[in-house]
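Here is the structure we will look at.
The values are calculated or read from the model by the stated rules, or taken from the named source; none is laboratory data. This is a predicted model, so every value here is computed, not measured. Neighbour counts run over all protein chains shown; Cβ positions are idealised from the backbone, glycine included. Protein only, heavy atoms only, side chains kept; ligands, DNA and RNA dropped before computing areas. Shrake-Rupley method; radii C 1.70, N 1.55, O 1.52, S 1.80 Å.
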Amino acid sequence: MNPEDIKIDDIPTTAEEMKAYEEKFGKKEETPKSEVKRPSETEIRERMDENKRAFLDKTPSDEEMKEIVIEELRKIYDPELPVNIYDLGLIYNVECWTNEVSLMKWCKITMTLTSATCSMSDVIVDLVKSISKRVEYLENVDVDIVFDPPWDQSKMSDEAKLAMGML
């Protein structure tokens, strides 16, 4: 019998069905536990180190992660303005590093708002924090809201000023 010929109904579920199955196809021989080769501690450590290296080889560097996060920040628009929060100048700093325990990336974003009384502040902050759910290998985004220095229009990129009709 080929594996692709087996249907769900063919799998034994009771002791009687298992006995009939063994009579038809033979009983599977099990290796005695005493004959099972267990890896040594050194082999386990070597395998773990190989897996760690392979994982780290796939993950972006801290600087690459920073660029990925900035691209994600450019996708978040201020709900009251036709400009993304990065070009609007709300982002003061993006710092990324590798968490030593999980080996995943963490980022801290220092940002401000156009006004301390911004009615959409919770929405904007939640969108920034949610970047970690959209970016592979990014485990956490911490957002620090500051009002010093205060935001003003000089922090806007030329693209943002153009979009706002200021150029």
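What are the semi-axes of the equivalent ellipsoid for region 61-159, taken as the square roots of 5 times the Cα gyration tensor eigenvalues, largest first, in whole Å?
Working through the eigenvalues yields semi-axes of 24, 13, 12 Å.
How much space per residue, in cubic angstrom, does the convex hull of the C-alpha atoms of region 116-167 take up?
124
Give me the extension gain from residue 64 to residue 147: residue separation times 0.36 nm, minus the current Cα-Cα distance, reported in nm with one decimal.
27.1 nm
Work out the FRET efficiency for residue 53 and residue 129 from their Cβ-Cβ distance, taking R0 = 35 Å, and round it to the nearest 0.05.
On the way: r = 31 Å, r/R0 = 0.87.
For residue 53 and residue 129, the calculated efficiency is 0.70.
State the cysteines of the chain left without a partner when partners are defined as other cysteines whose beta carbon lies under 4.7 Å away.
118
Filter 129/161; 37/58; 75/129; 133/161; 58/133 down to the pairs with a C-alpha to C-alpha distance above 22 Å, please.
129/161; 37/58; 133/161
Counting only DSSP beta bridges with both residues in the chain, what percent are antiparallel, rounded to the nearest 5?
In the chain, DSSP labels about 55 percent of beta bridges as antiparallel.
Using helices alone, I'd like the mean residue ellipticity at 222 nm for the chain: each DSSP H run of four-plus residues gives -39500 (n - 2.57), total over residue count, nearest 500. Walk me through the numbers on the way to the answer.
Values: 6 runs with 60 residues, N = 167.
So the calculated ellipticity at 222 nm is -10500 deg cm²/dmol.
Using a 1.4 angstrom probe and counting only protein chains, how large is the accessible area of residue 58 in Å², to 10?
Taking all protein chains as shown, residue 58 has close to 130 Å².
If you stretched the chain out fully between residue 104 and residue 42, how much longer would it get, using 0.36 nm times the residue separation minus the C-alpha to C-alpha distance?
Details: separation 62, 0.36 × 62 = 22.32 nm, distance 2.52 nm.
Full-extension gain reported as 19.8 nm.
Check residue 142: other-chain or 5+ apart residues with amide H under 5 Å from its amide H, H built from backbone geometry?
It is 107, 108, 109, by chain and number.
I need the Kirkwood Rh of the chain: take the reciprocal of the average 1/r across all distinct C-alpha pairs and report it in angstrom. Don't skip to the end; give the middle numbers.
Values: mean 1/r = 0.0475 Å⁻¹.
The answer is 21.0 Å.
Which angle between 0 and 90 degrees, to the nearest 10, do you get for helix 41-58 versus the longest principal axis of the chain when only C-alpha atoms count?
So the inclination is approximately 40 degrees.
Mean 1/r over all different Cα pairs, inverted: what Kirkwood radius does region 46-118 give, in Å?
14.2
HN-Hα J couplings of region 150-167 from phi, Karplus 6.51/-1.76/1.60, θ = phi - 60°, integer Hz, Gly and Pro as x?
Result, rounded to whole Hz: x, 6, 8, 5, 5, 7, 6, 6, 4, 4, 5, 4, 5, 4, 8, x, 9, 10.
Rank 41, 22, 30 by mean-square fluctuation in a GNM of the chain with C-alpha springs under 10 angstrom and give only the top-ranked residue.
22
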